[in-house]
Amino acid sequence: MKENEVSGWLREVEHPAKGDRNIVDLGMVEKIEAGEGSVTVTLAFSKHRDPLAEYLIGSAKAAIIRNAPEGTKVEIRTIIKDEAPKKKPGLDLGDEELTNVRHIIGIASGKGGVGKSTVSVNLAVSLARLGYKVGLADADVYGPSVPKMTATEGLMPDAIQEGEKEVILPMEKYGVKWMSIGYFAKPEQALIWRGPMACNALKQMILQVRWEELDFLLIDMPPGTGDIHISLVHDIPMEGAVIVSTPQDVALADVEKGVNMFRNESVNKPIFGLVENMAWFTPAEHPDERYYLFGKDGGVRMAEKYGIPLLGQIPIVQSIREGGDCGEPAALSTRPDGLAFVALAEKLAQTLK
Ligand code: ADP
């Protein structure tokens, strides 16, 4: 491998907050050491904390892995320019951006596909409808859905200088402040979000955002239970969690894992409630009929078993799915499905008073 070859690969890494100019042209690649079977790249960041530092480190690594012969050892080092002693950027995050947030709530699910993101987005919109100041951080690295569900896809949040550091400004729509890892990750770079670097990038994208004063910050967590969850709960000062499930047995078995994770000694966070999503199906033309496609009251029984309040039951309704697909959340409407989310929001707000 030649150094200029590696430099060519690094040109694939664009800085989303700098007009998509690549890191080589931006002068951020300080040094490339390419040998047989190994590459070490040193990236230089300015003394101001770059809110996308972790994202760029991950993307640089991914670009080399994509292009280099299989098995190449890749190391990315970082330096801060014009500052001594040298230190790694982005890792000295405080949580000062969150000091004006009253309640930080994780929205979790035992497995994917149960409607966790749908519930998170609609809950956020409903809380805003009730007059609360709300933010939602989409931390679902496996499938960030906030950009699509709010029709803000393709938009790029601005970064601004604030004193000694840069902060990201959240998107604002439907009365809610939105931030999503999906605004920054391009599909071909998805691989970096699988690794441990996902944790650092996620934290930065929650902690280095100018949320300002909020009553509620909802964190749409990745599905399942794993290292990312434990790390998120440790690093973000979450007050507790809400768990979303369908009434189906298999989903409920996964809920059990989720409950155990939050109640585990090392995490030890309260669970404020369970949301039973897809509780029944009601055809639009027969509003009084209910069909229990995934079983009846599974969520109710689970809530009883674990002593968790049941915050609400949300039916399967075509308009909820359509609202997600076209970026206009159902909770904006005055239809029964919209009001079901508002009732959920009311219950959560009461629980936390
Ligand atoms: P998760 O975040 O748990 O993976 P999503 O929120 O992405 O799940 O939902 C999965 C799919 O199910 C989406 O297409 C969504 O529109 C649909 N969906 C979720 N909840 C409902 C509901 N109550 N009624 C109809 N469709 C729903």
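Read the figures in this text as sums done on the coordinates, not as results from a lab. The model shown is predicted, which means the values in this text are computed figures rather than measured ones. All Cβ positions, glycine included, derive from the backbone under ideal geometry; neighbour counts span all protein chains shown.
Need one word for the stretch 284-353: rounded, prolate or oblate. Basis is the Cα gyration tensor (sqrt eigenvalues a ≥ b ≥ c); a/c below 1.5 gives rounded, then a/b vs b/c decides. Note, shape of the stretch 284-353 comes out oblate.
On the basis of the beta-carbon distance and an R0 of 30 Å, LEU352 and VAL300 show a calculated FRET efficiency of 0.90.
Computing FRET efficiency as 1/(1 + (r/R0)^6) for ILE230 and GLU75, where r is the C-beta to C-beta distance and R0 is 25 Å, gives about 0.45. With the simple model of a label 7 Å out from the Cα in the direction of the Cβ, GLU289 to LEU26 spans 5.6 nm. Of the three principal axes defined by the Cα atoms of the stretch 170-312, the extents in descending order read 46, 41, 35 Å.
Think of the stretch 175-313 as a dipole: +1 on every Lys or Arg Cβ, -1 on every Asp or Glu Cβ, centred on the Cα centre; then among PRO270, ALA253, ILE230, ILE230 lies furthest on the positive end. For ARG66 and MET156, a Förster radius of 25 Å and the Cβ-Cβ distance give a FRET efficiency of 0.65, rounded to the nearest 0.05. Ordering PRO170, PHE341, GLY8 by Cα displacement along the dipole of the chain toward the positive end leaves PHE341 in first place; charges were set at the Cβ atoms of Lys, Arg (+1) and Asp, Glu (-1).
Counting only DSSP H runs of at least 4 residues, each contributing -39500 (n - 2.57), and dividing by the residue count of the chain, the helix-based mean residue ellipticity at 222 nm comes to -9500 deg cm²/dmol. Relative contact order of the chain, taken over Cα pairs closer than 8 Å and 6 or more residues apart, is 18 percent.
Computed about its Cα centre, the charge dipole of the stretch 288-353 is approximately 340 debye, with only Lys, Arg, Asp and Glu carrying charge at their Cβ. Once the chain from LYS257 to THR99 is taken as fully extended at 0.36 nm per residue, the excess over their C-alpha distance is 53.8 nm.
Charge dipole (Cα centre; +1 on Lys/Arg Cβ, -1 on Asp/Glu Cβ; no other charges) of the chain amounts to roughly 360 debye. Only Lys, Arg, Asp and Glu carry charge here, each on its Cβ (+1 for the first two, -1 for the last two); on that basis the stretch 251-304 has a dipole of about 260 debye about its Cα centre. The fewest-to-most ranking of TRP178, TRP280 by surrounding Cβ atoms within 10 Å reads TRP280, TRP178. Beta bridges from DSSP with both residues in the chain: antiparallel share about 30 percent, rounded to the nearest 5. Taking ASP337, ASP25, ASP297 as the candidate residues, the one with maximal mean-square fluctuation in a Gaussian network model of the chain, Cα springs under 10 Å, is ASP25. Name the residue, out of VAL244, VAL141, VAL101, whose mean-square fluctuation peaks in a Gaussian network model built on the chain with Cα pairs under 10 Å. Fluctuation is largest for VAL101. Shown here: the chain, whose C-alpha atoms stretch 69, 42, 42 Å along the first, second and third principal axes, sorted largest to smallest. Counted by neighbouring Cβ atoms within 10 Å, the residues TYR132, TYR55 run from fewest to most as TYR132, TYR55.
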